[in-house]
Amino acid sequence: MKPFLLGSRQTRISSYPLDPNFKSRGFGLVNKFTASMGADQLTARVPHVLTVAGSDSGGGAGIQADLKACGARGVYCSTVITALTAQNTAGVQGVSIVSEAFVEEQLKSVLSDMRVDVVKTGMLPSIGIIKVLLRNLKEYPVQAFVVDPVLVSTSGDILAGPSVLDCFREELFPVADIITPNIKEASTLLGGMEVKTISDMRSAAKLIHAMGPRNVLIKGGDLPASMDAIDILFDGNEFFEFHSERIHTQNTHGTGCTMASCIAAELAKGSSMLPAVKVAKHFVEAALHYSKDMTIGKGSQGPFDHFMKLKISSQPIPFDPNQLFLYAVTDSRMNKKWGRSMTDAVKEAIEGGATIIQLREKESETKDFVEAAYKCLEICHEFGVPLLINDRVDVALACNADGVHVGQSDMPARVARSLLGPDKIIGVSCKTPEQALQAWADGADYIGCGGVYPTMTKANNITVGLDGLKNVCSASKLPVVAIGGISHANTCSVMEIGCSNLKGVAVVSALFDQECVMSETRNLHSELRKHICRG
Ligand SMILES: Nc1ncnc2c1ncn2[C@@H]1O[C@H](COP(=O)(O)OP(=O)(O)OP(=O)(O)O)[C@@H](O)[C@H]1O
Ligand SMILES: Cc1ncc(CO)c(N)n1
Ligand SMILES: [Mg+2]
């Protein structure tokens, strides 16, 4: 990924909206609600973008893109719908324009009640709707006004006819803090002027700036496919070029709406214009990259995944207590001793029957750990086996592992849960009934109890014995896996303590400090199965 090439000199862009010198173009710095707010309310404020745009039934562009972009960027988004479109991945099949009166009713409902920081517009299909909007913004001033002059969809369908062009140029643009035309829109706004190169984009930005907006961003998504995706920002003094790698995908439906919403969201959070555009550009690039192979419909142009969560491979494997049956914990020192990579160790253990894997890496650099964890996750998911990371919540997040295992002196399970969300697996090492109850209260999924027997793997570890294990199991509301010095030889004694929530054994040396990981895992698996048969 290439760095952004921002202009060599950094011109002053009004630091917005926290800079008291900043004056929004059209609607003044202070919204009625801000002025009447106490300090307490200000500290608890939620950044808020109101989008005034059309609905896309396909969910990729328009209002739906705006909601998702703001949600992904941590900003509240309210919506005033100007038109309904029947739209999908093939194009626009129909448009139904909302009446001016009802657009006004929606505007009043939102603006008279909520504190809106930034208004962003998309599809504004009639002069009447534009005028209603401008009138209401005068009555309810906001801090910034972002205009995406939507005219034609990428599929070539008209979303706002030529009749609105004069009103755009004469009334809307002069009060906008930024307008964000794509190449075709820039050309149309300039009476058909050719916009095909970076140099054309610069000329167009300058000419459109003369129509009155504070900033003009010409988006280059539709430049020839061989070029990087380059956008040009002109603030009246200086040009800034934003370069990103062109992602080879058809899933670009809604990139423009998303870009403008993301700029609006950053402004609502208090950013100034230049960093807001930069963040928006990064966001669109990352989301396109993530979604490049996604399929939603039969048509040629798909939407992208704003939350970057839809890929099957990124879905965590849900927790099932039976996964604790044969719990393999890899050990970096043992792998080194036997000349194995972490991935080889994981693969062999899974092929031998391991039902869950934990990576316990005490030695390698974080970069190498993350890289190896990625590869292990791929292998684990090929077999439907969850992958947990010992101690390192950061590594689990970075490689999107299925969860973590934390000890009593690691990150508290409650904090890990808030960072990892409700779906990831969290295990906690416990030696006492009190710790087991705490783990349950903190939102853990299972307990690792031990050392059951003395072990060389963990220095200075207190051995709780079979009695300690029994105490923890009896007190625990969570499933338990026994750990510490467990091998083929003593597995039966462990599993026969008579606690139904003891679901399996976790092993390190018995699998990995051995010549053949796969056959040792297989042997242990058959030993465990004997217990099931008896139980
Ligand atoms: N294939 C791509 N790879 C990387 N960035 C892209 C790609 N296509 C578009 N972009 C970027 O996405 C943003 C939106 O630009 P684009 O020119 O596609 O807007 P648009 O035509 O208004 O979008 P749409 O009409 O699909 O909502 C810009 O930052 C652009 O550079
Ligand atoms: C509703 C709507 N707004 C904007 C666009 C432009 O992407 C679209 N395709 N549909
Ligand atoms: Mg486009």
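Structure values in brief
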{"item": "Single residue of Leu172, Leu223, Leu233 found to be surrounded by 19 or more Cβ atoms within 10 Å (Cβ to Cβ) and within 16 Å of ligand 3 (Cβ to nearest atom)", "result": "Leu223"}
{"item": "Residue list for region 440-455, filter: closer than 19 Å to Leu324 by Cα, more than 33 Å from the chain's Cα centre (by Cα) and not in a strand (DSSP E or B)", "result": "Gly450, Gly451, Val452, Tyr453"}
{"item": "Region 56-71 - residue that is within 15 Å of ligand 1 (Cβ to nearest atom) and assigned to a helix (DSSP H, G or I) and, of those, nearest to Gln106 (Cα to Cα)", "result": "Ile63"}
{"item": "Out of Leu437, Leu524, Leu469, sole residue that is in a helix (DSSP H, G or I), closer than 23 Å to Ser332 by Cβ and of a type outside the set (Ser, Thr, Tyr)", "result": "Leu524"}
{"item": "Any hit, region 105-117, residues being within 29 Å of the chain's Cα centre (by Cα), within 16 Å of ligand 1 (Cβ to nearest atom) and not β-branched (Val, Ile, Thr)", "result": "no"}
{"item": "Filter result for Ile198 (more than 18 Å from the chain's Cα centre (by Cα), surrounded by fewer than 21 Cβ atoms within 10 Å (Cβ to Cβ) and hydrophobic (A, V, I, L, M, F, W, C))", "result": "yes"}
{"item": "Qualifying residue in region 438-453 (condition: crowded, with 20+ Cβ neighbours inside 10 Å and within 23 Å of Ile312 (Cα to Cα))", "result": "yes"}
{"item": "Tally, over region 320-332, of residues that are assigned to a helix (DSSP H, G or I) and among the charged types (D, E, K, R)", "result": "0"}
{"item": "The listed residue being over 19 Å from Thr154 (Cα atoms) and touching a Phe, Trp or Tyr at 6+ places or on another chain (Cβ under 6 Å), out of Ala210, Ala176", "result": "Ala176"}
{"item": "Filtered residue count, region 125-164, keeping only those that are more than 15 Å from ligand 2 (Cβ to nearest atom), under 16 Å from Leu189 (Cα atoms) and either buried (at least 21 other Cβ atoms within 10 Å of the Cβ) or modelled with pLDDT of 95 or more (or both)", "result": "1"}
{"item": "Within region 487-535, tally of residues that are under 20 Å from Gly468 (Cα atoms), within 42 Å of the chain's Cα centre (by Cα) and polar (S, T, N, Q)", "result": "3"}
{"item": "Residue in region 196-236 that is modelled with the lowest pLDDT, counting only those that are farther than 23 Å from Phe173 by Cα and among the hydroxyl-bearing types (Ser, Thr, Tyr)", "result": "Ser226"}
{"item": "Subset of region 137-172 that is assigned to a helix (DSSP H, G or I) and in contact with a strand residue (DSSP E or B) (Cβ under 9 Å, 6 or more places away or on another chain) - its residue that is farthest from ligand 1 (Cβ to nearest atom)", "result": "Leu137"}
{"item": "Failed condition for Lys120, given (1) within 27 Å of Phe234 (Cβ to Cβ); (2) away from ligand 1 (no atom under 16 Å from the Cβ); (3) not in a helix (DSSP H, G or I)", "result": "(2)"}
{"item": "Residue list for region 460-489, filter: under 13 Å from Val508 (Cβ atoms) and of a type outside the set (Val, Ile, Thr)", "result": "Asn461, Ala482, Gly484, Gly485, Ser487"}
{"item": "Residue that is farthest from ligand 3 (Cβ to nearest atom), among those in region 122-169 that are of a type in the set (Val, Ile, Thr) and closer than 16 Å to Leu267 by Cβ", "result": "Val142"}
{"item": "Residue count, region 479-492 (criterion: surrounded by fewer than 16 Cβ atoms within 10 Å (Cβ to Cβ) and at pLDDT 95 or above)", "result": "0"}
{"item": "Check on Leu207, closer than 29 Å to Lys292 by Cβ and more than 16 Å from ligand 2 (Cβ to nearest atom)", "result": "no"}
{"item": "Checking Lys108 against (1) at pLDDT 95 or above; (2) touching a Pro at 6+ places or on another chain (Cβ under 7 Å), the condition it does not meet", "result": "(2)"}
{"item": "Residues within region 53-66 that are under 22 Å from Val132 (Cβ atoms) and out of contact with any Pro (no Cβ under 9 Å at 6 or more places or on another chain), tallied", "result": "5"}
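Per-residue answers, yes or no, for (1) over 15 Å from Lys120 (Cα atoms); (2) surrounded by fewer than 22 Cβ atoms within 10 Å (Cβ to Cβ); (3) more than 13 Å from ligand 3 (Cβ to nearest atom):
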{"position": "Gln250", "(1), (2), (3)": "yes, yes, no"}
{"position": "Gly254", "(1), (2), (3)": "no, no, no"}
{"position": "Ala265", "(1), (2), (3)": "no, no, yes"}
{"position": "Asp293", "(1), (2), (3)": "yes, yes, yes"}
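The values are calculated or read from the model by the stated rules, or taken from the named source; none is laboratory data. None of the values given here were measured: they were computed from a predicted structure. So basically every Cβ, Gly included, is an ideal-geometry build from the backbone, and we count neighbours across all protein chains shown.
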